[in-house]
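See structure below.
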Amino acid sequence: MTVICRVDPLEPDRSILRRAAEIVRQGGLVAFPTETVYGLGANALDPAAVKKIFHAKGRPLDNPLIVHVASIDQIYMLAKRIPREAEALIERFFPGPLTIVLEKEPIVPDETTASLPTVAVRMPDHKVASRLIEESGIPIAAPSANKAGRPSPTRAQHVLQDLEGEVDMIIDGGATRLGLESTVVDLTVNPPELLRPGAVTFEMLRKVVRTVQVHPSVLQDVSYGGAVRSPGMKYRHYAPRAELIVVVGDQQNVQMKIEQLIRELSPKKLRIGVARTTGKLYNASHLEELGRSKQEIARDLFDVLRRFDEANVDVIFAEGIDERGLGLAIMNRLKKASGYKIIRA
Ligand code: AMP
Ligand code: MG
């Protein structure tokens, strides 16, 4: 049974948070909003509770979880050595949409870190999340609250779609503010590496840690060759059910290319969707607006991908954007969602 409780995200009801905290302490699962996406939370220090997360999500056991904390003290409890760069990042960006990877203390079970000697730590900037952690008195392991491979949830309804009956409680705090998962930076390597781009952008990180590098996997498989590539399904993430193709290049060329692709597909009588960042009118079955600013695109991207599923389209063309600032995170998720099917206009 899944209980859903609505709360005011700015002033969440204490009695509901107490109930949720009790579930976490007892080894159960609670989905809760953060400023990035909804998390599927369990006691990070309890191997049996953490195993329930993997089971509910259908998550591969070799994919480690992020541990959410509500205080600096909890970071020192989980991590062994906090390098100077980590201190600087904590000082500048915590609480917020940044996860740092550090050497783990033995208190963190192997189940949580997928047997890695490191632990990923984040302090969410959301009252529901931080008060839930405080109320339970333990760090909470929480990956995105979706089935593995599906778009991350930015609304309680998305969590329910994927995990009804598999999570004890969903705290509904409305739509999340940022919409993309946190930035992940590994500080156990020299130089530090950006493993996943997010709302704390590479440019912002560089102002604090000058040596930080983008890990190749952030951009991997970007072959602007013209033809549609179909790499291994193991890269598929955040994926809608339809085939998604990302078209990149100058805005006008992108629009012309998508129009051409729609024309070429028309004899096949497929239901075609377009995710657009411009007001362009395409001759497609289903048009979705990705928003005008990068902030809007980031916030709405996963919701839009799920809406294409509801509209039962067969093929989605998405207009790509530039990779500066928040654009790097948006394009990273779009490319992964497409299984790296990218066409250069
Ligand atoms: P999710 O919580 O579903 O957004 O996924 C968590 C992300 O953090 C995944 O991309 C993990 O690979 C990454 N992550 C978690 N722990 C570690 C770690 N110890 N080292 C490197 N990456 C990690
Ligand atoms: Mg996830």
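Within segment 18-49, the residues that satisfy the criterion of being touching an Asp or Glu at 6+ places or on another chain (Cβ under 8 Å), touching a residue at least 40 places away in the same chain (Cβ under 8 Å) and surrounded by fewer than 24 Cβ atoms within 10 Å (Cβ to Cβ) are R18, A21, I23, G28, E35, P47. Only residues that are within 14 Å of ligand 2 (Cβ to nearest atom), in contact with a strand residue (DSSP E or B) (Cβ under 8 Å, 6 or more places away or on another chain) and not basic (K, R) were counted in segment 44-86, giving 6.
Applying a threshold of 7 Å to beta carbon distances and a minimum spacing of six or more residues, or different chains, the list of pairs starting in segment 236-254 at a residue that is under 12 Å from V274 (Cα atoms) and ending at one that is within 16 Å of ligand 1 (Cβ to nearest atom) and among the charged types (D, E, K, R) reads V246/K335.
For first residues located in segment 114-127 and at pLDDT 95 or above and outside any loop (DSSP other than H, G, I, E, B), partners that are of a type in the set (S, T, Y) and within 16 Å of ligand 2 (Cβ to nearest atom) and lie 6+ apart or on another chain with Cβ distances below 8 Å form the pairs V119/T112; V119/T113; A120/T99; A120/T113; V121/T99; R122/T99; R122/S182. Scan segment 232-244 and tell me whether some residue there is surrounded by 15 or more Cβ atoms within 10 Å (Cβ to Cβ), at pLDDT 90 or above and either more than 24 Å from the chain's Cα centre (by Cα) or not in a loop (DSSP other than H, G, I, E, B) (or both). Yes.
What about P97, is it of a type outside the set (A, V, I, L, M), buried (at least 21 other Cβ atoms within 10 Å of the Cβ), closer than 19 Å to F54 by Cβ and within 16 Å of ligand 2 (Cβ to nearest atom)? No: the conditions fail for P97. Residues of segment 136-152 that are in a strand (DSSP E or B) and either β-branched (V, I, T) or near ligand 2 (Cβ under 9 Å from one of its atoms) (or both): I140, S144. The residue that is nearest to H237 (Cα to Cα), counting only those in segment 255-301 that are in contact with a Lys or Arg (Cβ under 9 Å, 6 or more places away or on another chain) and in contact (Cβ under 8 Å) with a residue 60 or more places away in the chain, is L301. Residues in segment 100-113 that are surrounded by 24 or more Cβ atoms within 10 Å (Cβ to Cβ) and part of a strand (DSSP E or B): I100, V101.
When G174 is tested against (1) within 12 Å of ligand 2 (Cβ to nearest atom); (2) within 17 Å of R6 (Cα to Cα), exactly one condition is not met: (1).
Within segment 29-52, being within 22 Å of the chain's Cα centre (by Cα) and under 14 Å from I133 (Cα atoms) holds for L29, V30, A31, F32, P33, T34, G39, L40, G41, A42, N43, A44.
Within the set P143, P117, P139, P191, the sole residue that is within 16 Å of H68 (Cβ to Cβ), surrounded by fewer than 23 Cβ atoms within 10 Å (Cβ to Cβ) and of a type outside the set (S, T, N, Q) turns out to be P143.
Pairs linking a residue in segment 311-330 that is buried (at least 21 other Cβ atoms within 10 Å of the Cβ) to a residue that is aromatic (F, W, Y) and part of a loop (DSSP other than H, G, I, E, B), with Cβ atoms under 9 Å and 6 or more positions apart or on different chains, are F317/Y282. Considering K57, K52, the condition of being closer than 29 Å to A298 by Cβ and buried (at least 17 other Cβ atoms within 10 Å of the Cβ) is satisfied by K57 alone.
Of the residues contained in segment 109-116, one or more are found to be β-branched (V, I, T), closer than 19 Å to V30 by Cβ and touching a Lys or Arg at 6+ places or on another chain (Cβ under 9 Å). Filtering E103, E111 for residues that are within 14 Å of A44 (Cβ to Cβ), more than 18 Å from the chain's Cα centre (by Cα), within 13 Å of ligand 1 (Cβ to nearest atom) and modelled with pLDDT of 95 or more leaves a single hit, E111. When the test is whether a residue is within 11 Å of ligand 1 (Cβ to nearest atom) and either over 23 Å from R333 (Cβ atoms) or buried (at least 21 other Cβ atoms within 10 Å of the Cβ) (or both), T154 does not pass it.
The values are calculated or read from the model by the stated rules, or taken from the named source; none is laboratory data. Note that this is a predicted model, so its numbers are computed, not measured. Heads up, the Cβs are rebuilt from the backbone with ideal geometry, glycines too, and the neighbour counts pull from every protein chain shown.
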